[in-house]
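What follows draws every value from the coordinates through simple rules; no lab data is involved. Values in this document were obtained by computation on a predicted structure and should not be read as measured data. Counting neighbours? That spans all protein chains shown, and the Cβs are built from the backbone with ideal geometry, glycine included.
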Amino acid sequence: GENVEQHPSTLSVQEGDSAVIKCTYSDSASNYFPWYKQELGKGPQLIIDIRSNVGEKKDQRIAVTLNKTAKHFSLHITETQPEDSAVYFCAAGPGYSSASKIIFGSGTRLSIRP
Amino acid sequence: NAGVTQTPKFRVLKTGQSMTLLCAQDMNHEYMYWYRQDPGMGLRLIHYSVGEGTTAKGEVPDGYNVSRLKKQNFLLGLESAAPSQTSVYFCASSPTTPNTEAFFGQGTRLTVV
């Protein structure tokens, strides 16, 4: 089955610097890759997603890159701010209709130092 | 707009007790899911439903049962709670089209002693 590995498990960056979180997946059929942000005491919330027909997607300070050949994708946050402190999850899902197959990574706890 | 609402937010159970977690969504979504979140293990799918009256097993279904009698509600039951079921439980829903945004509830923290 699909396996998604996420690194690092914790990340601390200075406010204003960039943060990068990396994920790898095992199932070559995967073609949907969402990223979720979970703030303390809340449920995860989608912040950006990418499908395998594109290599990069950007939304203001966040961007995701995808390398299907290497089976890895990354989240980039630029000009980090205190409100970026949270746990981030990557996930991978198949290209066909199967709700059960979206697999999450183990999460990265991002802390922004003032 | 409430989105996805979970009841209760916190619960402490004794080993062997039973309980039901309720999830309600007001977005008319077909798909609903129950996940558990444990430290260092991300979100693992317990059971899911692709529509009213349907349920299916996810990654870690043992010890849990579910029902989807109404489209807007998805219930998660623990018949005989065990300490290994201590976790944070999240319900989520998504539209008919798979591989689109899932909307999560605020979570239920369950402790089994």
Open item on the list: Straight-line reach from B:Lys70: which aspartates and glutamates fall under 20 Å, measuring Cα to Cα and dropping same-chain residues less than 8 apart?
Closed with: B:Asp26, B:Glu30, B:Glu52
Task: Exposed-site-free run, longest, chain A (rule: GluC sites (Glu not before Pro); DSSP loop; at most 12 other C-beta within 10 Å) - done: A:40-78
Task: Residues of type aspartates and glutamates that A:Lys71 reaches as a straight line, Cα spacing below 13 Å, ignoring anything fewer than 8 places off in the same chain - done: A:Glu2, A:Glu5, A:Asp27
Open item on the list: Could you tell me which residue out of A:Pro114, A:Phe73, A:Tyr88 lies farthest along the dipole of the stretch A:38-114 toward its positive end? Charges go on the beta carbon: Lys and Arg +1, Asp and Glu -1, centred on the Cα centre.
Closed with: A:Phe73
Open item on the list: Averaging over every viewing direction, what projected area does the convex hull of the Cα atoms of the stretch B:1-83 cover, in nm²?
Closed with: 5.8
Open item on the list: Apply the Karplus curve 6.51 cos²θ - 1.76 cosθ + 1.60, θ = phi - 60°, to the phi angles in the stretch B:103-109 and return the couplings in whole Hz, x for Gly and Pro.
Closed with: 9, 9, x, 7, x, 10, 8
